[in-house]
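The values are calculated or read from the model by the stated rules, or taken from the named source; none is laboratory data. These numbers come from a predicted model, not from an experiment. Here Cβ is always computed from backbone atoms with ideal geometry, including for glycine, and neighbour counts include all displayed protein chains. These area figures cover heavy atoms from the full protein model, side chains too; ligands, DNA and RNA do not enter into them. Shrake-Rupley method; radii C 1.70, N 1.55, O 1.52, S 1.80 Å.
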Amino acid sequence: MQGISRADEKAVRGFLNGNRAPETDGERKRADLELFRERVRRLPVCREKSFPVRMWEQAAFVHPVSWAMQIVFLVLAVWMVGYWGGELAVMGISAMVPLFAVVGGFELSKTVFYHMWELERSCRYDTRKIAAMKLFLFGLCDMAALAFFSLLVYGEGGDFVQICMLVLVPFNLSAGMYLFVMERFPVRSGNVFLAGLGCVMSGGQTVFWSQWKREAVGIDGPGSGVILAVSLLFLAGMAVRFCREKNREDEILWNLD
């Protein structure tokens, strides 16, 4: 087959160079983009799920060991009341509260200590949303557990002051400290750090209880209420700080190396 002459090539090149893309219809382009966005919003993966559904799905991702540990603490509290009873059982429950609070820290630490925010940024829920959902989920479970511990302490002769200072305040301070540690020290061995901190706070609570029984620490009803309110503010502040830090990390550019 005879090749194309140079003149024909020049003519074809000139014809192609003379072609221009048609002018875009602005109104039609905007309408098409809006239709595209509407179709995307209707996709199952983009639909907003109800709050109970999101909580249920998030609970499914919590490790079964975490749920089992919380149940073990509740059973252990009942055993203390049945086997020891009285002030000794109250002291055991009080010392156990900081260790109970660390269970939620273990779950929250998964995205903190292993730096998973870049991966979760490509998922349906980013790190900040996952942390907030886990905080709310464990908060509900912890409230039920604290109510259970409080009833046990009350059944062993504890009053409002003892419930505040031996159950509620230790939990608030411990949970707030765990959030602070996870936000400030995101190291790989963070779970060991949290467990060690929980043991220290549990020992500190035991020392506080012994000093209180010797009447070295005097706290009345109004004073315990103020301390409880301050501990709640501390916990809330640490939770807000923790979620804000996760929001900042989500804005970090992806590593494209």
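Figure legend. Inter-residue proximity from region 223-236: first residues assigned to a helix (DSSP H, G or I), second residues open to solvent by 60 Å² or more (accessible area, probe 1.4 Å), beta-carbon distance below 8 Å, spacing 6+ or different chains. Indicated pairs: 224/160; 231/173; 234/173; 235/173.
Scanning region 47-64 for residues that are part of a helix (DSSP H, G or I) and surrounded by fewer than 12 Cβ atoms within 10 Å (Cβ to Cβ) yields 51, 52, 53, 60, 64.
Against the conditions (1) assigned to a helix (DSSP H, G or I); (2) open to solvent by less than 100 Å² (accessible area, probe 1.4 Å); (3) closer than 19 Å to residue 110 by Cα; (4) at pLDDT below 80, residue 212 satisfies every one except (3).
Any residue at all in region 67-86 that's out of contact with any Pro (no Cβ under 8 Å at 6 or more places or on another chain), within 20 Å of residue 182 (Cβ to Cβ) and open to solvent by less than 10 Å² (accessible area, probe 1.4 Å)? No, region 67-86 contains no residue that is out of contact with any Pro (no Cβ under 8 Å at 6 or more places or on another chain), within 20 Å of residue 182 (Cβ to Cβ) and open to solvent by less than 10 Å² (accessible area, probe 1.4 Å). Residue 148 meets the stated requirement of being open to solvent by 60 Å² or more (accessible area, probe 1.4 Å), at pLDDT 80 or above and farther than 27 Å from residue 244 by Cα.
Yes or no, residue by residue, for (1) at pLDDT below 80; (2) part of a helix (DSSP H, G or I); (3) touching a Ser or Thr at 6+ places or on another chain (Cβ under 8 Å):
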position: 72; (1), (2), (3): no, yes, no
position: 75; (1), (2), (3): no, yes, no
position: 82; (1), (2), (3): no, yes, no
position: 89; (1), (2), (3): no, yes, no
position: 94; (1), (2), (3): no, yes, yes
position: 108; (1), (2), (3): yes, yes, no
position: 123; (1), (2), (3): yes, no, no
position: 130; (1), (2), (3): yes, yes, yes
